[in-house]
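Visitor: Before anything else, here's the structure in question.
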Amino acid sequence: MSTDKYYVTYNSIHKAVKDLSVQVIESGFDPDVIVAIGSGGFIPARIMKTFINRPIFAVGISYYGVDNQHMEVPQKIQWIDEVEQKLTGKKILLIDEVDDTRATLSYCVKELLRHNPEEVAVLVIHNKLKAKDAEFPEEVKRYFPAREIDDRWIKYPWDAEDIEAHDQCEKDMKEND
Ligand code: G4P
Ligand code: MG
């Protein structure tokens, strides 16, 4: 079994989101809406709704072209045009699974800020400790990463073709730690 990859099970993600929900509430942030960045943010956002019951808006942003190379800037694949005005004055909890280069996340925050929300807080399951390609706008005052990890490739359960083997990999990884 390779240890260069970092395996995460649905259960671990569920527990991480639950812990984050406590941090969000204890910080005094009471979001009006959740915005999920697809596709990686969808499942974490849905789990969060169990603990912080707010409507979820989905956005799709891609930083990769067909050849899997970074494009110059992230591109909107899907946006929340019909509800954009509903973001004005609102407190937004923006959720994604991973903060890697931060390019997609910071682009998304900037786009949301155009609609004059009261606040945008960012929440991720994993933050990779590495030099980032972009920084969050200074308007981001609250950032909730569940786990800070080194720059390894994270294997998420929704990508697993064999979920039992995937779960075993997380177990092996933890035992070898
Ligand atoms: P960031 O702002 O969140 O750091 O995103 P960045 O543009 O750097 O990430 C580009 C894509 O690479 C994102 O997917 C992100 O989820 C994915 N990614 C980065 N690191 C990892 C990793 O360690 N494991 C996995 N599985 N994915 C990673 P995307 O284009 O948004 O696609 P989707 O998978 O969310 O649909
Ligand atoms: Mg993603």
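Derivation of every value follows stated rules applied to the coordinates shown; laboratory data play no part. As the structure is a computational prediction, the values presented were derived from the model and not from experiment. Backbone-built Cβ (ideal geometry, glycine too); neighbour counts: all protein chains shown.
Visitor: Explain nothing, just the number: relative contact order of region 1-149, from Cα pairs under 8 Å at least 6 residues apart, as a whole percent.
Guide: Computed over region 1-149, the figure is 22 percent.
Visitor: Next question. Tell me, what is the Rg over Rh of region 105-150, with Rh the Kirkwood radius over Cα pairs?
Guide: 0.98
Visitor: OK, next. Calculate the dipole size of region 1-60 relative to its Cα centre from +1 charges on Lys and Arg beta carbons and -1 charges on Asp and Glu beta carbons; express the result in debye to the nearest 20.
Guide: 220 debye
Visitor: Roughly how many debye, to the nearest 20, is the charge dipole of the chain about its Cα centre, given +1 on each Lys and Arg Cβ, -1 on each Asp and Glu Cβ, and no other charges?
Guide: Charge dipole of the chain: 520 debye, to the nearest 20.
Visitor: Give, to the nearest whole percent, the P(r) tail of the chain beyond 29 angstrom, counting all Cα pairs.
Guide: Of all Cα-Cα distances in the chain, 20 percent exceed 29 Å.
Visitor: A 24 angstrom limit on the alpha carbon distance is what I want to check against. Which of K5/K128; K49/K174; K110/K141; K49/K91; K130/K174; K5/K171 exceed it?
Guide: Those over the limit are K49/K174.
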